[in-house]
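Note sheet for the following structure.
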Amino acid sequence: MAVKVYGKPQAVCPQRVMHCLVEKGVPFEFVLVDIDTMEHKRPEYMEKHPFGQVPFIADGDFELFESRAIVRYFASKYADRGPNLLGRTAEERAKVEQWLDVEAITYSPCAFSIVFNLFLLPIRGLPGNKGEAVASMEKLDKILEVYEKQLARTKYLAGDEFTLADLTHIPVTRYLVEHCGLAYLLDDKPHAKAWWEDVSSRPAWKKLMSFVASGASFYAP
Amino acid sequence: MGSVTVYGPPISPAVSRVLACLLEKDVVFNLVNIDMSKAQHKSPDFLKIQVASPPPLLLFFPTVSILLLNLPFGQVPAFQDEHTTLFESRAICRYICDKYADRGNRSLLGRRGGGLVERAHVEQWLEAEGQSFNPPSSTLVFQLAFAPQMGLPQDPAAIVLNEGKLAKVLDVYERQLQESRFLAGDEFSLADLSHLPNSHYIRAGGKEELFTSRKHVARWWEEISMRPSWQKVVEMQRTPPA
């Protein structure tokens with residue numbers, strides 16, 4: 001029985017999970033939970049996900065929420081398939097964990113504030129908070145300076161191989177670059193820019209973007 | 001022996017998270033305090049200088065060693081284990097549990113026989129702590145415990161707003177803790193441990209009713225806060241730095 005991923009395919013956190021599955025060549029069924037009509041806050045869905053968020057996955061009888069817990073699970077379960085996403089030693093894994101936490105705690109909240117105010121609200125005809133967006137952009141620039149220093153030393157965030165730490169950044173960064181006009185923040189950061197071009201050109205990510213655009217429900221590798 | 005060092009003051013919630021984990025795992029460590037009021041952790045020298053493999057001398061000259069650590073975001077804790085330097089308290093805790101898997105409490109990332117599934121449940125609730133519990137509780141910790149100490153005015157609106165958000169999260173926990181003894185199952189795990197620092201300060205800051213008014217959350221708090229490892233951390237927080 002295929003893995004089921006519940007959520008909205010355009011949303012950042014479900015994309016993180018789907019990207020991991022595509023990297024690992026794992027087929028899945030995408031089950032739409034229409035967050036635009038608040039389906040994720042209805043009791044039937046909240047039976048599965050007590051915080052009323054997306055994504056949620058079912059792998060046979062095993063169920064899980066929190067996209068970063070989900071990608072860790074699949075990366076471990078399919079450790080022997082596709083790219084090594086978690087490092088091979090305790091030390092390598094710790095670096096992956098470190099940058100995963102940076103993404104979760106420092107990068108993404110800042111990035112989300114920008115995407116929310118410059119894209120998500122305006123496309124619904126609501127005013128975004130420009131002041132908040134600008135403050136977040138300045139913060140993001142400083143965060144990216146730190147990334148630039150790291151990426152001048154290593155090809156990817158946690159070392160010289162692509163790992164979950166890079167993967168979890170991709171969906172929200174795509175929104176920043178393609179929908180919020182923030183590609184220019186990378187212009188004075190050659191290593192971060194090269195990193196973004198590299199990770200966003202990965203065949204698995206491109207396959208996922210095609211899958212999302214197609215509106216299909218079943219992904220087969 | 002003595003290869004593990006934690007940098008930062010024990011009163012910092014993130015530092016205390018790492019200390020609790022080390023104590024659960026019976027891993028011997030050195031604690032090097034950083035005076036955050038003098039903003040040592042944000043000085044340009046502190047942030048820019050890096051060292052690939054620190055010489056053992058550093059352990060004998062703590063002030064010097066702080067300057068030679070690369071802490072790109074200038075936060076605490078910083079952590080060193082021989083040649084490995086890490087930041088981000090939850091990543092450090094996961095590393096300690098992986099690296100010292102055979103020491104102390106062996107169930108922090110799921111029981112040995114529990115496989116991927118148990119670990120994934122721990123990861124799920126550890127993420128819930130980081131993503132849902134941490135933001136409102138951190139604001140409350142600052143407002144209730146640190147602002148007064150630092151002579152800063154409290155923001156009553158922020159307190160009310162974040163109490164409301166935290167109450168919703170604790171309602172979810174209340175339902176989960178009816179089904180299982182701890183968040184991820186019937187054994188104490190890293191997911192529970194991660195909640196200790198902020199919860200402690202919120203209760204000490206006068207908002208213990210958030211916990212005591214929820215029967216299963218109250219029961220859970222009693223159990224996790226009475227663990228000897230956490231009692232020792234609280235003692236360390238009370239002890240003035242040497």
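None of the figures in this text is laboratory data; all of them are computed from the coordinates on show. Please read all numbers here as calculations on a predicted model, not as lab measurements. As a convention, Cβ positions derive from the backbone with ideal geometry for all residues, glycine included, and neighbour counts pool all protein chains shown.
Table for the structure above
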read-out: DSSP beta bridge pairing in the protein assembly as shown, given as percent antiparallel to the nearest 5; value: 70 percent
read-out: Cα centroid of segment B:131-188 to Cα centroid of segment A:68-102, whole Å; value: 29 Å
read-out: Partnerless Cys - the protein assembly as shown, beta-carbon criterion under 4.7 Å; value: A:CYS13, A:CYS20, A:CYS110, A:CYS180, B:CYS97
read-out: Computed [θ] at 222 nm, deg cm²/dmol, chain A (DSSP H ≥ 4; -39,500 (n - 2.57); rounded to nearest 500); value: -15000 deg cm²/dmol
read-out: In Hz, Karplus ³J(HN,Hα) per residue of segment B:208-215 (6.51, -1.76, 1.60; θ = phi - 60°; x = Gly, Pro); value: 5, 4, 4, 8, 5, 7, 10, 4
read-out: Rounded if a/c under 1.5, otherwise prolate or oblate - chain A, Cα gyration tensor axes; value: oblate
read-out: Gyration tensor (alpha-carbon) shape descriptor, the protein assembly as shown, a/c threshold 1.5; value: rounded
read-out: Residues whose placed amide H lies under 5 Å from that of A:PHE56, excluding near-sequence neighbours; value: A:TYR6
read-out: Loop-resident sites, segment A:133-169, for GluC sites (Glu not before Pro), counting at most 16 other Cβ within 10 Å (DSSP); value: A:GLU161
read-out: Segment A:126-221: C-alpha gyration tensor shape, a/c 1.5 cut-off, then a/b vs b/c; value: oblate
read-out: Sparsely packed GluC sites (Glu not before Pro) within segment B:140-239, loop by DSSP, other Cβ within 10 Å at most 15; value: B:GLU208
read-out: Selected from A:THR154, A:GLN98, A:PRO14, residue furthest toward positive end of dipole (the protein assembly as shown; charges at beta carbon); value: A:THR154
read-out: Rounded to whole Hz, the Karplus (6.51, -1.76, 1.60) HN-Hα couplings of segment A:91-105, x for glycine and proline; value: 5, 5, 4, 4, 5, 4, 4, 4, 6, 5, 5, 4, 4, 6, 9
